[in-house]
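See below for the structure under consideration.
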Amino acid sequence: MTFTPGAELADPLADRFGEDAATAVAHPNIALVKYWGKRDESYFLPVTGSLSMTLDIYPTTTTVRLSTEPADTVVLNDRPAVGEAYARVARFLDLVRARAGRDEHAEVVSANAGPTGAGLASSASGFAALAVAAAAAYGLDADARALSRLARRGSGSACRSIFGGFVVWHAGEGNGEAGDANSYAEPIDGDALDPALVVAVVDKASKAVSSREAMRRTCDTSPFYLPWADASRIDLEEMRKAIARRDLPAVGEIAERNALGMHASMLLARPSVRYLSPRSVEVLDRVLALRADGIAAYATIDAGPNVTVLCARADEHRVIAALREVGGVVDMPVAHLGPGAALVPDGAR
Ligand code: DP6
């Protein structure tokens, strides 16, 4: 699938084809202003708004087929899902069934092109693809905003992967059903900025503490959480302005301070959560050295040790060369702005 900036698919369900099966593709996103903390856990309502870039790498492809079996079956990357991974998908399907007024179970088959659970947003692409495929298979009448609200119920950051390019997730206000109605993502115009993201992968293993647990613990116990959330609201406003005026250094500075503040708030959680490894810090040092050399490169880090470096497309090869010199970088995928989630038309599967 190729992404032409500006040519956003208005309706992810436009290629709806079947009565009882659908396949959808969605891409991960990296937040430049982070979502960290829920005000209502059961509805996945965030404390603060956030802003991300949808990537053009590591898509998730998910098929949902209605079945006559007595329970849902879920296969993730060729293996039957068990435990919490299975329960999250089954709970999500319960929500779709309740909305659609149907009770058939489903077979879900999903494949991730990127590493799962290593802080590279696999749950975002996963639940965005599942939302679009399940909505089509169960015949839900949902526009892109409704799909974004639905995807949010699987994993908060998934609401942003419904859209391509730069995306803002409005926190909204209120809890429960009232909050659900006004907490959704929407695309913002920023395609002209066209940055590159160089992902310095220093560890491919799944993280020891899930982002869900880590954000809960940070909210509940860190004395730095509320100051970070207050600063993040300002970061979001400033980020929108910096994107609108195509100011890459300002975008990078805001993204870097927002991410480091999030990690600082986690370090002060009780018990402390530390995702950064010595290798992450080495990459951060290299990013500072690049800036000292006059290259506008800035770091952001999600709930894992891998460091994503934002730069102008014209500088990406210099950034890659510099990060190669850091020992322990095991992989370095490069991403640009990618497309929103969409059904795969019947004939293309
Ligand atoms: C650090 O969306 O994975 O990547 O809503 O509990 O599923 P749940 O959390 P999730 O958290 C993402 C956290 C983050 C920041 C971000 O993507 O904004």
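Read-outs: derived from the displayed coordinates by stated rules, not from any lab. Keep in mind it's a predicted model, so treat the numbers as computed, not measured. With ideal geometry, Cβ positions are generated from the backbone for all residues, glycine too; neighbour counts draw on all protein chains shown.
The distance linking segment 206-231 with segment 14-93 is 22 Å (Cα centroid to Cα centroid, whole angstrom). The phi-based Karplus calculation (6.51 cos²θ - 1.76 cosθ + 1.60; θ = phi - 60°) puts the 3J(HN,Hα) values of segment 269-274 at 5, 10, x, 4, 10, 10 Hz, whole numbers, x for Gly and Pro. Using a cut-off of under 11 Å, list every residue of segment 196-211 whose amide N is near the label point 7 Å from the Cα of Ser277 along the Cα-to-beta-carbon line. The answer is 201-208.
Distance between the modelled labels on Ala205 and Arg318, one decimal in nanometres: 3.6 nm (7 Å Cα→Cβ projection).
Treating the beta-carbon of each Lys and Arg as +1 and of each Asp and Glu as -1, no other charges, what is the dipole magnitude of the chain about its Cα centre, to the nearest 20 debye?
760 debye
For segment 56-146, the relative contact order is 44 percent, taking Cα pairs closer than 8 Å that sit 6 or more residues apart in sequence and dividing their mean separation by the residue count.
3J(HN,Hα) couplings calculated from phi for segment 280-286 with the Karplus curve 6.51 cos²θ - 1.76 cosθ + 1.60 (θ = phi - 60°) are, in sequence order, 4, 5, 4, 5, 4, 4, 5 Hz; Gly and Pro show x. With distances taken between every two different alpha-carbon atoms, segment 195-335 has a Kirkwood hydrodynamic radius of 15.6 Å. Counted residue by residue at 0.36 nm each, then reduced by the alpha carbon distance between them, the extension gain from Arg270 to Lys241 reaches 6.9 nm.
For the chain, the share of DSSP beta bridges that are antiparallel, to the nearest 5, is 90%. Quick check: the angle from helix 248-267's long axis to the longest principal axis of the chain, C-alpha only, nearest 10 degrees? Rounded to the nearest ten degrees, it is 80. A simple spin-label model places pseudo-atoms 7 Å from Cα toward Cβ; at Asp20 and Val330 they are separated by 4.3 nm. The modelled label-to-label distance between Arg145 and Asp194, using points 7 Å beyond Cα along the C-beta direction, is 3.1 nm. Among the GluC sites (Glu not before Pro) within segment 275-349, those in coil by DSSP and having at most 13 neighbouring Cβ atoms inside 10 Å are Glu325. Look at the alpha carbon pairs under 8 Å that are at least 6 residues apart: their mean separation over the length of segment 195-335 gives a relative contact order of 42 percent. For the chain, the relative contact order is 26 percent, taking Cα pairs closer than 8 Å that sit 6 or more residues apart in sequence and dividing their mean separation by the residue count. To the nearest 10 degrees, how steep is helix 122-137 against the longest Cα principal axis of the chain, on a 0 to 90 scale? Taking the Cα atoms of the chain, the angle to 122-137 is about 20 degrees. Quick query: amide H of Ala106 versus all other amide H atoms, modeled in the peptide plane; which residues come in under 5 Å with a sequence gap of 5 or more or a different chain? The list, which skips near neighbours in sequence, is Ser67, Asp72, Thr73. Projecting the Cα atoms of Phe224, Ala158, Tyr58 onto the charge dipole of the chain (Cβ charges, centred on the Cα centre) puts Phe224 farthest toward the positive pole. The order of the peptides 86-94, 43-51, 125-133, 28-36 by mean Cβ neighbours within 10 Å, most packed first, is 125-133, 28-36, 43-51, 86-94.
The C-alpha atoms of the chain define a longest principal axis, and helix 225-244 lies at about 90 degrees to it.
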